[in-house]
1. Hey, which of the strands (runs of 3 or more DSSP E) in region 76-140, taking only ones fully inside, have at least 1 residues that are within 40 Å of the chain's Cα centre (by Cα)?
2. When the residues of region 303-335 are narrowed to those that are hydrophobic (A, V, I, L, M, F, W, C) and within 55 Å of the chain's Cα centre (by Cα), which ends up surrounded by the fewest Cβ atoms within 10 Å (Cβ to Cβ)?
3. Only residues that are within 15 Å of MET195 (Cβ to Cβ), of a type in the set (Asp, Glu) and either in a loop (DSSP other than H, G, I, E, B) or in contact with a helix residue (DSSP H, G or I) (Cβ under 7 Å, 6 or more places away or on another chain) (or both): list them for region 143-185, please.
4. Quick check: anything in region 171-185 without any contact (Cβ under 8 Å) to a residue 24 or more places away in the chain, surrounded by 16 or more Cβ atoms within 10 Å (Cβ to Cβ) and within 30 Å of SER50 (Cα to Cα)?
5. Considering only region 303-319, state which residues are closer than 19 Å to GLY360 by Cβ and assigned to a strand (DSSP E or B).
6. Could you please find all residues in region 280-292 being surrounded by 14 or more Cβ atoms within 10 Å (Cβ to Cβ) and not aliphatic (A, V, I, L, M)?
7. Quick test of your reading of the structure: VAL300 fulfils all but one of (1) closer than 29 Å to CYS141 by Cβ; (2) assigned to a strand (DSSP E or B); (3) at pLDDT below 95. Name the failing condition by number.
8. Given the conditions (1) of a type outside the set (Ser, Thr, Tyr); (2) surrounded by fewer than 16 Cβ atoms within 10 Å (Cβ to Cβ); (3) at pLDDT 95 or above, and given that TRP64 satisfies all but one, which numbered condition is not satisfied?
Amino acid sequence: AATYTVAVTSSGVCTPSSVVSSNAVVNVNIPSSITAQPTDATVCASGNASFNIVATGTNLTYQWQENTGSGFVNISNTGVYSGVTSSTLQLTGVSVSMDGFKFRVVISNTGCTAAISNGSAKLKVNVIQSITTQPTDAIVCEGGSANFVTLSNNGNLTYQWQVDDGGGFASISDGEFYTGTTSNSFVISSTAQVMDGYKFRVAVHGNCVDEFSDAVTLSINALPGISAGPDKKVELGGSVTLEGMATGDGPLQYQWTPINDPVQASILQPTVSPVSDTEYTLLVTNVHGCFVTDAVLVKVMKQMVIPNAFSPNNDAINDTWKIENLDPSLAVSVQVFNRYGQPVFTSDSNSFSWDGTYQGKLLPWGTYYYIIELEHSGKPVSGWVVILN
């Protein structure tokens with residue numbers, strides 16, 4: 001500012017000969033200039049935010065404006081707003097509905113052109129997340145899968161599942177048993193009995209707060225113990241009893257397949273009469289609905305065909321004595337005696353063939369007697385065979 005006076009003088013006889021004016025002050029305002037624009041502000045719902053501008057100039061005045069989607073308008077010191085005519089606009093207790101509002105400020109001084117901020121300062125209001133659906137306890141059979149799910153009211157979240165195996169909660173990662181450890185849906189596959197009683201929870205991280213879900217418990221029911229028994233052999237037309245065994249939380253239920261008789265199919269040790277080699281499967285279910293299977297093979301032995309005569313005369317017709325349908329998996333002992341009880345032929349081969357000789361010489365025609373012993377068959381098979389000329 002500067003002070004000025006004016007002196008007026010006259011020539012002649014006027015009195016007074018000079019007059020001095022009173023002081024006049026001239027104020028020169030420096031135009032406003034923005035040196036730092038307001039920047040975006042991010043806040044959680046019900047939180048506080050502020051926008052600030054830095055400007056130079058003299059005798060500056062401020063008026064903050066907002067744009068809710070229909071253009072900028074002046075705001076006043078009401079509701080959430082304060083400092084609307086200062087360099088810093090304060091917002092207290094913002095609501096989610098204000099998300100995306102833009103703010104600018106008009107800076108004025110007398111006689112100068114107003115400066116207006118760029119209007120790009122935006123308010124981002126984050127929703128405070130909360131878990132709306134808690135995970136629940138899971139009860140599964142050993143070896144089965146369990147799935148824990150949590151839902152929240154905000155999609156922009158990160159998750160970290162944790163396990164407490166008795167030593168406190170610790171974060172887990174995807175691996176042999178676990179998948180989805182950083183998602184809202186967490187899966188445990190191929191559960192082991194050692195996991196019975198484990199507790200799980202998820203840490204939910206959002207833009208505003210971190211939250212833990214309720215802790216849930218994994219309960220694992222043991223599978224039944226089972227054995228379908230040893231494999232069996234039975235002669236065609238005969239029957240055999242299967243030696244199934246089972247243990248576990250009862251009452252236990254049994255189901256054999258393929259057995260058509262509903263009574264036999266539902267007992268632990270049924271009697272079967274297969275007409276061909278058959279694999280029988282036993283399914284055992286415990287009181288918890290957990291089940292397991294095992295299988296047993298019943299091999300049907302065809303009846304031995306023992307010729308009662310042969311003619312070792314080298315005519316290529318019935319020249320040898322041999323037994324058909326001997327089980328190749330069983331040990332066998334074949335002995336042939338003459339009428340005096342003297343052994344004339346022995347073999348432990350399942351595919352033997354006797355040409356009617358003894359010590360390299362053809363035996364005389366007549367009746368001979370045999371004894372056949374089969375492994376696991378109990379009583380030997382005996383009979384006679386005639387050597388014909």
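1. Values: elements: 88-91, 102-108, 121-126, 131-133.
Here the list reads 121-126, 131-133.
2. In the first step, residues of region 303-335 are kept if they are hydrophobic (A, V, I, L, M, F, W, C); the result is 304-306, 309-310, 316-317, 321, 323, 326, 330-332, 334.
Subsequent filtering for residues that are within 55 Å of the chain's Cα centre (by Cα) retains 326, 330-331.
Working: LEU326: 21, LEU330: 13, ALA331: 11.
Filtering first and then ranking leaves ALA331.
3. ASP165, GLU176, listed by residue number.
4. No, that holds for no residue.
5. PHE310 - this is the single residue of region 303-319 that is closer than 19 Å to GLY360 by Cβ and assigned to a strand (DSSP E or B).
6. Going residue by residue through region 280-292, those that are surrounded by 14 or more Cβ atoms within 10 Å (Cβ to Cβ) are 280-286, 288, 290-292.
Selection gives TYR280, THR281, THR285, ASN286, HIS288, CYS290, PHE291.
7. (1)
8. The one condition TRP64 does not meet is (2).
The values are calculated or read from the model by the stated rules, or taken from the named source; none is laboratory data. Quantities reported herein were computed from a predicted structural model and do not represent experimental measurements. Positions of Cβ are backbone-derived with ideal geometry, glycine not excepted, and every protein chain shown enters the neighbour counts.
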